[in-house]
Amino acid sequence: MIDGSQVTIFYLTFEMKSLHRLIYPPAWPIAAKLSAALFAVAIIPMSFTACYNLQQSLESLKAGEYRKLELLATSTASRLDQLIIDTQRLIVQVSSERAVVDFITATTTFEGEALGSDLQRYLKNVVLSNPDFDAVFLIDAQGKCIASTDTKFIGKNYAFREYFRAGIQGKAYVSSILVGQTTKRPGLFLSHPVRSDKGKVVGVSVLKIQGEDIWRIVNALQVTNHSIAFLIDQQGIIISHPNESLLYHSLVPLPPKTKKQVITDRNYDLDDKKSLNLPELAVMVGAKEAGHTSYRFPDEQTESIVGFAPLEVQPWVLGVSKPKAEFAAPLVRLIWLYGSSVLVVSGITAIVAFLLAQSISRPIRKLTDAAQALEQGNFNPDTLTLESRVQDDIGKLVLVFLHMAVEVKIREQKLKQQVISLKVEIDETKRVAEVAEITENEHFRHLQQKIQKLRQQTLSIQQETETEYFERLHTKVKSLKQRTSCRDIEE
């Protein structure tokens with residue numbers, strides 16, 4: 001009787017054999033081997049090719065996306081350059097205007113008042129020529145504003161401003177975006193020296209562009225809903241950003257000397273908390289050519305990509321930033337495209353490989369069954385009729401097998417006849433051998449001699465007459481009586 005442990009051992013052995021057949025490729029069915037081989041031959045090279053093409057496409061797409069951001073930054077930087085260049089040309093015209101020169105070089109109050117109305121009209125027309133202009137004002141050699149389209153500037157001393165110090169030294173100057181002490185509004189100040197007829201610098205003309213207009217130009221550059229554009233100056237301070245809470249923050253901590261100069265000249269409220277501490281963006285500060293980088297705000301988990309480009313006429317850098325997830329969206333789509341293509345092709349290849357393997361293994365299985373049937377003696381050639389009609393190698397193999405089966409059947413019949421004949425011959429030989437063994441025995445020869453003797457005696461008895469036979473018996477009886485009587489006397 002089989003107990004539970006034997007059953008468990010049997011099932012474990014069966015499972016181990018099944019697992020071995022599953023993980024040991026030589027033990028697989030031929031259909032599985034062919035399917036795996038065809039699938040591997042088709043998919044492995046295609047996978048390597050697809051991975052290589054995908055890598056190249058991703059690199060190309062990344063470069064294209066980076067280049068796109070850089071071009072957008074370059075185009076807006078060029079627009080700002082053009083605005084500054086046009087404004088510089090205008091301030092040069094203002095500085096050389098006769099009314100401006102005569103007003104600054106006037107030696108008497110009466111003469112200045114006489115020229116003031118014409119000058120004021122001219123300056124007003126300059127401001128009205130461009131909606132981006134905030135104000136135009138003139139500064140004398142001591143730094144005092146003596147004429148302006150905005151009366152708030154008149155009488156103020158701007159000798160501490162860099163645009164005045166540069167202008168009075170005979171240099172054209174373009175400031176960063178400053179927060180004015182007078183209006184408390186940010187603006188871009190362009191200055192140019194005013195020279196007398198003898199070429200002496202007698203004052204400085206200043207044109208202020210509204211900071212909000214600079215911001216508007218920069219903010220207009222929006223690639224997507226989540227992209228932003230920002231502008232930094234030569235110290236890495238943000239002077240334009242859609243999020244105004246980040247204005248005047250430095251990308252990286254500023255040295256104490258630079259920070260003091262910036263606070264004095266620009267009226268920024270800078271302290272240690274105003275630094276965003278983004279060392280990844282340090283590459284933007286003072287950049288001379290377009291580039292790209294990535295960064296992440298300390299309090300945010302979202303990583304962003306930024307493409308940047310420098311301005312030509314100012315040491316500023318314009319950056320265009322968007323989330324890395326949005327930047328990677330085309331890359332993800334490309335990966336999905338390649339992945340789905342590989343999956344579809346893999347599926348089709350697997351199906352084709354399976355069908356092809358089945359078409360090859362099916363005749364082989366039928367040949368195997370036919371061989372087993374031939375071995376058992378119940379082979380039917382009709383089971384291979386369909387396969388024998390195929391004109392390929394398998395069909396030829398089936399035809400050879402059928403021919404072989406017929407030959408085997410004929411040989412089997414001949415062999416049976418030969419076996420029967422041989423059996424009869426063997427039986428006859430065996431009988432003769434047994435007879436010879438009996439007749440050649442010593443006992444058999446002794447018996448033959450006895451039989452022969454008995455035959456002779458019988459023959460002699462048959463030759464005697466009745467009288468002779470009776471007399472011979474009578475003689476024997478008398479002999480017996482004499483022997484009996486002698487025995488009695490002796491007793």
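State all residues of region 250-269 that are under 45 Å from the mean Cα position of the chain (by Cα) and either among the hydrophobic types (A, V, I, L, M, F, W, C) or modelled with pLDDT under 80 (or both); if no residue qualifies, say none.
Step one: of region 250-269, the residues under 45 Å from the mean Cα position of the chain (by Cα) are 250-254.
Listed by number, the residues that qualify are Leu251, Val252, Leu254.
Table: residues versus (1) assigned by TED's automatic domain parsing to the domain that holds Thr258; (2) touching a strand residue (DSSP E or B) at 6+ places or on another chain (Cβ under 7 Å); (3) of a type in the set (Asp, Glu).
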residue: Leu278; (1), (2), (3): yes, yes, no
residue: Thr302; (1), (2), (3): yes, yes, no
residue: Gly307; (1), (2), (3): yes, yes, no
residue: Val320; (1), (2), (3): yes, yes, no
residue: Tyr338; (1), (2), (3): no, no, no
residue: Val342; (1), (2), (3): no, no, no
residue: Ser359; (1), (2), (3): no, no, no
residue: Glu375; (1), (2), (3): no, no, yes
residue: Thr383; (1), (2), (3): no, no, no
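Quick one: is Val174 in a helix (DSSP H, G or I) and of a type in the set (Val, Ile, Thr)? First the steps, then the outcome.
Numbers: in a helix (DSSP H, G or I): no; of a type in the set (Val, Ile, Thr): yes.
For Val174, the condition - in a helix (DSSP H, G or I) and of a type in the set (Val, Ile, Thr) - is not met.
Could you list, ordered by first residue, the pairs with Cβ atoms under 6 Å in which the first is in region 235-264 and farther than 21 Å from Thr76 by Cα and the second is among the aromatic types (Phe, Trp, Tyr) and assigned to a loop (DSSP other than H, G, I, E, B), at least 6 apart or interchain?
Qualifying pairs under 6 Å: Val262/Tyr268.
Give the residue that is nearest to Ala172 (Cα to Cα), with candidates limited to residues of region 106-132 that are surrounded by 15 or more Cβ atoms within 10 Å (Cβ to Cβ) and out of contact with any helix residue (DSSP H, G or I) (no Cβ under 9 Å at 6 or more places or on another chain).
Only one residue tops the list, namely Val127.
Would you point out the residue of region 292-301, among those that are surrounded by fewer than 19 Cβ atoms within 10 Å (Cβ to Cβ) and of a type outside the set (Ser, Thr, Tyr), that is modelled with the highest pLDDT?
The selected residue is Arg296.
Restricting to region 49-89, what's the tally of residues that are farther than 21 Å from Gly339 by Cα and of a type in the set (Ser, Thr, Tyr)?
Here the count works out to 6.
As an exercise: evaluate Asp86 against (1) assigned to a helix (DSSP H, G or I); (2) acidic (Asp, Glu); (3) surrounded by 13 or more Cβ atoms within 10 Å (Cβ to Cβ) and give the number of the one condition it does not meet.
Evaluating Asp86 over (1) assigned to a helix (DSSP H, G or I); (2) acidic (Asp, Glu); (3) surrounded by 13 or more Cβ atoms within 10 Å (Cβ to Cβ) leaves (3) as the failure.
Could you list all residues from region 133-151 that are surrounded by 15 or more Cβ atoms within 10 Å (Cβ to Cβ) and under 18 Å from Ile209 (Cα atoms)?
Within region 133-151, Phe133, Asp134, Ala135, Val136, Phe137, Leu138, Ile139, Cys145, Ala147, Ser148, Thr149, Asp150 meet the criteria.
When only residues in region 329-360 that are within 24 Å of the chain's Cα centre (by Cα), surrounded by 12 or more Cβ atoms within 10 Å (Cβ to Cβ) and of a type in the set (S, T, N, Q) count, which is farthest from Ser47 (Cα to Cα)?
Thr349
Looking only at region 87-110, count how many residues are without any contact (Cβ under 8 Å) to a residue 12 or more places away in the chain and farther than 16 Å from Asn125 by Cα.
Total satisfying the criteria: 5.
Whether any residue in region 175-192 is β-branched (Val, Ile, Thr), at pLDDT 85 or above and either buried (at least 17 other Cβ atoms within 10 Å of the Cβ) or assigned by TED's automatic domain parsing to the domain that holds Gln88 (or both) is what I want to check.
If we filter region 175-192 for residues that are β-branched (Val, Ile, Thr), which is where we start, we get 177, 179, 182-183.
Within this subset, residues satisfying the condition of being at pLDDT 85 or above are none.
Scanning region 175-192 turns up no residue that is β-branched (Val, Ile, Thr), at pLDDT 85 or above and either buried (at least 17 other Cβ atoms within 10 Å of the Cβ) or assigned by TED's automatic domain parsing to the domain that holds Gln88 (or both).
With of a type in the set (A, V, I, L, M, F, W, C), part of a helix (DSSP H, G or I), out of contact with any helix residue (DSSP H, G or I) (no Cβ under 6 Å at 6 or more places or on another chain) and in the same structural domain as Thr105 (by TED's automatic domain parsing) as the only criterion, which of Phe164, Phe153, Phe160, Phe137 stands out? It would help to see each step written out before you state the result.
Details: Phe153 fails: part of a helix (DSSP H, G or I); Phe160 fails: part of a helix (DSSP H, G or I); Phe137 fails: part of a helix (DSSP H, G or I).
None of the other options fit; the residue is Phe164.
Have a look at Lys409, Lys453 and point out the one that is modelled with pLDDT of 75 or more and either surrounded by 10 or more Cβ atoms within 10 Å (Cβ to Cβ) or over 55 Å from the mean Cα position of the chain (by Cα) (or both). It would help to see each step written out before you state the result.
On the way: Lys453 fails: modelled with pLDDT of 75 or more.
Lys409 is the lone residue from the list that is modelled with pLDDT of 75 or more and either surrounded by 10 or more Cβ atoms within 10 Å (Cβ to Cβ) or over 55 Å from the mean Cα position of the chain (by Cα) (or both).
Could you please give the count of residues in region 215-232 that are surrounded by fewer than 22 Cβ atoms within 10 Å (Cβ to Cβ), under 30 Å from Leu138 (Cβ atoms) and either touching a strand residue (DSSP E or B) at 6+ places or on another chain (Cβ under 7 Å) or not charged (D, E, K, R) (or both)? Steps first, please.
Pass one, region 215-232, residues surrounded by fewer than 22 Cβ atoms within 10 Å (Cβ to Cβ): 215-217, 219-228.
From the residues that got through so far, the ones that are under 30 Å from Leu138 (Cβ atoms) too are 215-217.
Checking which are either touching a strand residue (DSSP E or B) at 6+ places or on another chain (Cβ under 7 Å) or not charged (D, E, K, R) (or both) leaves us with 215, 217.
The total comes to 2.
When the residues of region 38-80 are filtered to those that are charged (D, E, K, R) and crowded, with 18+ Cβ neighbours inside 10 Å, which remaining residue is nearest to Asn219 (Cα to Cα)?
Here is the first cut: in region 38-80, the residues charged (D, E, K, R) are 59, 62, 65, 67-68, 70, 79.
If we keep only those that are crowded, with 18+ Cβ neighbours inside 10 Å too, we end up with 65, 70.
Details: Glu65: 20, Glu70: 16 Å.
Restricting to residues being charged (D, E, K, R) and crowded, with 18+ Cβ neighbours inside 10 Å, the top hit is Glu70.
Given the structure, is Val352 touching a helix residue (DSSP H, G or I) at 6+ places or on another chain (Cβ under 9 Å), within 30 Å of Ala63 (Cα to Cα) and aliphatic (A, V, I, L, M)?
Judged against the criteria, Val352 is not a match.
Given region 273-323, what strands (runs of 3 or more DSSP E) lie entirely inside it while holding 2 or more residues that are closer than 17 Å to Ser240 by Cα? Full working, then the answer.
On the way: elements: 291-296, 303-310, 317-323.
Ranges flagged: 303-310, 317-323.
Here is a yes/no grid of residues against (1) at pLDDT below 85; (2) under 27 Å from Tyr158 (Cα atoms):
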{"position": "Arg216", "(1), (2)": "no, no"}
{"position": "Ser227", "(1), (2)": "yes, no"}
{"position": "Asp233", "(1), (2)": "no, yes"}
{"position": "Tyr248", "(1), (2)": "yes, yes"}
{"position": "Glu303", "(1), (2)": "yes, no"}
{"position": "Pro310", "(1), (2)": "no, no"}
{"position": "Gln314", "(1), (2)": "no, yes"}
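The values are calculated or read from the model by the stated rules, or taken from the named source; none is laboratory data. What you see is a predicted model, and the numbers here were worked out from it, not measured in a lab. Cβ: placed from backbone, ideal geometry, glycine included. Neighbour counts: every protein chain shown.
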